[in-house]
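Structure first, then comments.
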Amino acid sequence: MSSPITTDDWLTFEDEWLAPYAMPSRASRGRRHPEDDHPFRSLYQRDRERIVHCTAFRRMTGKTQVLVASVNDHHRTRLTHTLEVTQLARTVARRLRLNEDLAEVIALAHDIGHPPFGHAGEDALDECLKSYGGFDHNLFGLRRVDELEERYPQFPGLNLSFEVREAFVQHCGRLDAPECAEFRDVGRPLLEAQIADVVDSIAYDTHDTDDALGLGFITLDELRRIEFWARATERVHSHTPGLSDAPLRIAVVRELLAWQVADLLEETANRLAAADVKCVDDVRAAREPLVGFTPEVRRLKAGLERFLRNRVYKHHRVLRMTANGKRILESLFAEYVRAPALLPEKHLRRWTGAEALIGPPPHGWVTTARTRLDCLERVVGDYLAGMTDRFAQLEYRRLFLPSIEL
């Protein structure tokens, strides 16, 4: 009977299997707070589990992707979108012999900082916080894993590896923000991070189309005028003739996914070869992104995305939901800033003026305040960004509708 593999065994496997331009676990810049190695999980494998078990990850099941999460039980939420992105990232990383664990954890974490009500919620918080640095879901994701998650007595946050934390910053593109200082000189994103970024677009292009069809926002007749959909339909008919309606829709969505992944793999391999990339330093120094699609698929995707913007994201039902979501967050923000005592004590204690309202912390109190105290507006913004759609609506009803519920 063979013995279970150890972390050293896994690192040796990485040394033998990974492409020379992949990011090996051994080469990580490590964690902010030093920890002993785990006996059978590598650095990025531990990061993956920390994301999956944290509060912010679980809350994504109740957060909007495009449609408010209460519309029905079938369309995608922020969590199911994340799982689809992660599956694609693993597939692409494995085929290119990149670090699959690193690509997976970056994909799992990439939307962890999204507020309720999708991009409308982000716009609302950005406006509310414009005098305090604004709001960006990627930077809030970094703040969440660095400071706000409370799972370990030894350190604040999740204490993730440098490479996973870096991906939040590289994705937002706001290297001028104070929290980005340690990442400003690293160069281009790692290939594993580039993969997570690019496959995000594969997932949302296809599943937003699928959801919009399922909810009746668009029709198959409309989509037949979109070249990407029409050509994918031709491919389906060539290998599975006779399909129509729901079976055809499912088959075409699957064809679109397969087409984009295959194109991405081929084009990325060609770019790596053309740029003569031989190591991670070459990836960091590259002048252009190394992970991407061929010009033809970029053109086809752009046509589908224009259609989605005009016919789905601007659909009157979507606009009504997003307008209501923005109104809820703006009202909650104003009310909590006006009356901070309405905040839960755990959050209120992160405000520099909390002691005047609720007194000194109890003996042995441990919270995110051990890392820093913030202005009230930022504390309120963090509290709202962590809410699910359902909880934000419930808080709105508690504060603004006549009731004596606790």
Zero-based 10 Å bins, Cα pair distances in the range 191-253, whole percents: 20, 48, 24, 9, 0
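How much length is gained on full extension from ALA275 to ALA181, taking 0.36 nm per residue of separation minus their Cα-Cα distance?
Stretched fully, the ALA275-ALA181 segment lengthens by 31.0 nm.
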Virtual paramagnetic centre 7 Å along Cα→Cβ of LEU220, amide N under 16 Å, in the range 233-262: 233-256
Computed over the range 47-188: relative contact order in percent, which uses C-alpha pairs under 8 Å that are six or more apart: 20 percent
Cα centroid of the range 237-254 to Cα centroid of the range 142-221, whole Å: 33 Å
Most mobile of GLY187, GLY118, GLY381 in a GNM of the chain (Cα contacts under 10 Å): GLY187
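ARG254 to LYS314: FRET efficiency via 1/(1 + (r/R0)^6), r the Cβ-Cβ distance, R0 30 Å, to the nearest 0.05?
E(calc), rounded to 0.05, equals 0.65.
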Sparsely packed chymotrypsin sites (Phe, Trp or Tyr not before Pro) within the range 1-51, loop by DSSP, other Cβ within 10 Å at most 16: PHE40
Virtual spin-label span in nm between GLU127 and ARG287, 7 Å along Cα→Cβ: 4.2 nm
Helix-only CD estimate at 222 nm, as mean residue ellipticity for the chain, using -39500 (n - 2.57) per DSSP H run (n ≥ 4): -17500 deg cm²/dmol
Cα gyration tensor shape of the range 241-313, rounded if a/c is under 1.5, else prolate or oblate by comparing a/b with b/c: prolate
Spacing of the two label points (7 Å from each Cα toward its C-beta) at PHE162 and LYS346, in nm: 3.2 nm
Of every Cα-Cα pair in the range 309-358, the percent that sits beyond 13 Å: 66 percent
Inter-label distance for GLU227 and ARG327, nm, one decimal - labels placed 7 Å from Cα along Cα-to-Cβ: 4.1 nm
The chain - percent relative contact order, Cα under 8 Å, separation 6 or more: 21 percent
Spread of Cα-to-Cα distances over 20 Å intervals beginning at zero, given as percent, for the chain: 24, 54, 21, 1
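For a footprinting-style exposure proxy, rank THR80, THR233, THR61 by other Cβ within 10 Å, fewest first. Let's see the in-between values first.
Working: THR80 16, THR233 21, THR61 13.
Exposure proxy ranking, most exposed first: THR61, THR80, THR233.
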The range 215-360: C-alpha gyration tensor shape, a/c 1.5 cut-off, then a/b vs b/c: oblate
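How high is the relative contact order of the range 162-279, given as a whole-number percent (alpha carbon pairs under 8 Å, six or more residues apart)?
Value for the range 162-279: 20 percent.
A short reminder: the numbers here are calculations on the coordinates, not readings from a lab. This one's a predicted model, so the numbers in the text were calculated from it and none came from an experiment. Neighbour counts are summed over all protein chains in view; Cβ atoms, including those assigned to glycine, are modelled from backbone coordinates with ideal geometry.
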